[in-house]
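Enquirer: The structure's right below; bear with me while I get my questions together.
Quick note: the coordinates plus some simple rules give every number you see, no bench work behind them. Since the model is a prediction, treat every value here as computed from it, not as a measurement. A quick note on method: Cβ atoms are made from the backbone with ideal geometry, for glycine too, and the neighbour counts reach across all protein chains shown.
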Amino acid sequence: MTEHMLSAEPTHSVWDRSLPPRLRIEPGDTVAFECADASGGQVRPGMTTGELLAIDRTRIHALTGPVWVEGAEPGDVLQIEVLATRHGGWGWSSVIEGLGFLKNRFHEPYLFHWQLDGESTSSLAPAVVPVRPFLGVMGVARASDGAFRTRPPGPFGGNLDVRELCAGSRLYLPVFNHGALFSCGDGHAAQGDGEVCINGIECPLDVTLRFHLHKKQPLAGSIVEASEVVAPDSSADAWVVVETGTDLADAARTATGRMIDLLVSRWGFSEIHAYILCSVALKLRLSQVVNEPVSTVSAALSKQILPDRELFPGQ
């Protein structure tokens, strides 16, 4: 099990399985990723709103990677364990005309700068915002040829914006290509559910990830195993099914259905009992509502109400 380092540059801002891997690793290896902020280093402390409007938006979601995982094949599951995150002491949030959940109300462009003081920020006084860094984008190459913008997430992961993916958590992704071709970026120091203005606290982020491979395991889409190490709140210690779609209700139904399937296959519930358990204990939340035309729903069940399980035991 080897430790690797991967610098941010050169970044890429598309999913494209023809991109050559920048690093090759073995299952069990650890990689320290240097990730630029979502703008790819174009936004800087003290920048004006006018300067923000002039950045190259094709560079948004500047990702570090791809990483080739030896032995990964279509039909496998890639497990990504988030070991550590470290921000650089600053971040930014913005309002852009025509974007955001309340775009009909907020029209004027605006850029806000954050000073990050360890585990919190008082930049938006009198509020004191906890700093809980995570990567908004973690994913593997898509199954189809071509270059695809990173804004919409999918079964491959991608722009999930699920704030539970802090240090201590695990992400499980289905593999669609040999080597998996994993990339990551879009660091957030904090984010509310929905990411309603279009940004969290965008920031450069150094992240240490450990990779494991589960051979020939069917998985319909992303699953997050959040840990209590993340934060002492009701959603931190949970199994989280992530689903994206153009119809919010359909995405929520699919996420709920996948959670029922998970309860049946891993905990031995009958379907009807799994359905009832979801009705009394499932937390359905909006992880993002701003990547139109798609929204992302997270369906979470606290680990405290279920016996301990490894998602893929014995591997």
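Enquirer: With a sphere of radius 14 Å drawn around the Cβ of residue 118, what net charge do the other residues whose Cβ falls strictly inside it have (Lys, Arg +1; Asp, Glu -1)?
Expert: Spelling it out: positives minus negatives among the neighbours equals 0.
Enquirer: Run the helix sum for the chain: -39,500 (n - 2.57) per DSSP H stretch of 4+ residues, divided by residue count, reported at 222 nm to the nearest 500 deg cm²/dmol.
Expert: -3500 deg cm²/dmol
Enquirer: Oh, and also: Normalised by the number of residues in the stretch 3-220, what is the relative contact order in percent for Cα pairs under 8 Å and 6+ residues apart?
Expert: 34
Enquirer: Run down the aspartates and glutamates and flag those whose C-alpha is under 16 Å from the C-alpha of residue 103, throwing out any fewer than 8 positions away in its chain.
Expert: Reachable aspartates and glutamates: 195, 292.
Enquirer: Which of the lysines could be linked to residue 283 by a straight reach, that is with a Cα gap under 17 Å, when you skip same-chain ones fewer than 8 residues away?
Expert: The reachable lysines, counting only those whose Cα sits under 17 Å from residue 283, are 303.
Enquirer: For the chain, what mean projected area does the convex hull of the alpha carbons give, in nm²? If you can, show how the numbers build up before the last one.
Expert: Numbers: hull surface 63.3 nm².
About 15.8 nm², averaged over all directions.
Enquirer: Would you kindly state the longest site-free stretch of the chain, with sites defined as GluC sites (Glu not before Pro) in a DSSP loop (not H, G, I, E, B) surrounded by at most 16 other Cβ atoms within 10 Å?
Expert: Values: sites that count: 70, 97, 119, 228, 310.
Longest site-free region, per DSSP loop and neighbour criteria: 120-227.
Enquirer: Related question: Ranked by Cβ crowding within 10 angstrom, fewest neighbours first, how are 237, 206 ordered?
Expert: 206, 237
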